[in-house]
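K.L.:
Quick one: the structure is below, and I'll ask about it shortly.
The values are calculated or read from the model by the stated rules, or taken from the named source; none is laboratory data. Here the structure is a predicted model, which is why all the values come from computation and not from measurement. A quick note on method: Cβ atoms are made from the backbone with ideal geometry, for glycine too, and the neighbour counts reach across all protein chains shown.
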Amino acid sequence: MYCPNCGHQPSTTTARFCAGCGFRLDGVVKLIEAGGAIELLQPNTSTNSGPFIPPLTPRRKGIRFGGKLMFASLASLPLTIAFSIGIDEPVPIIFSIFLFFAGLSWMLYARLFREDYLLPQAPVANPEILGESNTGPLSFTNRLKPPSVVESTTKLLKRKRDQISN
């Protein structure tokens with residue numbers, strides 16, 4: 001086995017990191033054992049605390065937000081009535097009424113015009129399987145490109161030329 005990042009051959013097959021570049025090799029071993037199949041992360045469909053709750057669609061989110069606005073207007077209604085009586089003006093009650101109708105309008109808009117489905121999302125490759133890690137002291141080496149064969153050959157030829165000329 002060779003490191004897919006730099007081409008260095010590890011001393012043992014149980015090495016977790018490449019000695020040349022620090023690339024995680026345990027994921028490469030899993031990938032080879034799986035025959036090249038990449039394990040994909042799937043959304044969690046069950047929880048230990050109870051049944052699966054599907055994600056909210058845009059329509060359901062809009063209806064919930066409208067309901068929250070209506071609840072806030074009804075909850076604030078006694079305070080606005082008391083305040084209106086205190087200042088002898090009906091303006092604060094208009095605020096609660098406006099909030100109630102805004103929530104009702106929001107719910108109606110969501111019910112009529114929002115989508116009732118979620119857009120499909122592409123599955124994400126599991127970084128542990130691929131040998132990638134965004135944490136740890138060697139994470140920056142995963143982004144480094146190995147030097148090309150031409151560069152190393154050119155350096156070798158320059159050293160030989162310098163040895164011959166000296």
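K.L.:
Hey, does region 62-80 have a residue that's over 28 Å from Arg114 (Cβ atoms), modelled with pLDDT of 85 or more and out of contact with any helix residue (DSSP H, G or I) (no Cβ under 9 Å at 6 or more places or on another chain)?
P.N.:
Yes, region 62-80 contains at least one residue that is over 28 Å from Arg114 (Cβ atoms), modelled with pLDDT of 85 or more and out of contact with any helix residue (DSSP H, G or I) (no Cβ under 9 Å at 6 or more places or on another chain).
K.L.:
A further question on this structure: I'm trying to understand the selection: among the residues of region 16-28, which are over 10 Å from Cys6 (Cβ atoms) and surrounded by fewer than 16 Cβ atoms within 10 Å (Cβ to Cβ)?
P.N.:
Let us first name the residues in region 16-28 that are over 10 Å from Cys6 (Cβ atoms), namely 16-17, 24-28.
The answer is Arg16, Asp26.
K.L.:
Here's something else I'd like to know. With the condition kept exactly as written, say whether any residue in region 84-97 is loosely packed, with under 15 Cβ neighbours inside 10 Å, at pLDDT below 85 and not assigned by TED's automatic domain parsing to the domain that holds Gly20. Walk me through how you get there before you give the answer.
P.N.:
Step one: list which residues in region 84-97 are loosely packed, with under 15 Cβ neighbours inside 10 Å, which gives 85-91, 94, 97.
Imposing the further condition that a residue be at pLDDT below 85 reduces the set to 90-91.
Remaining after also requiring not assigned by TED's automatic domain parsing to the domain that holds Gly20: 90-91.
Yes - at least one qualifying residue is present in region 84-97.
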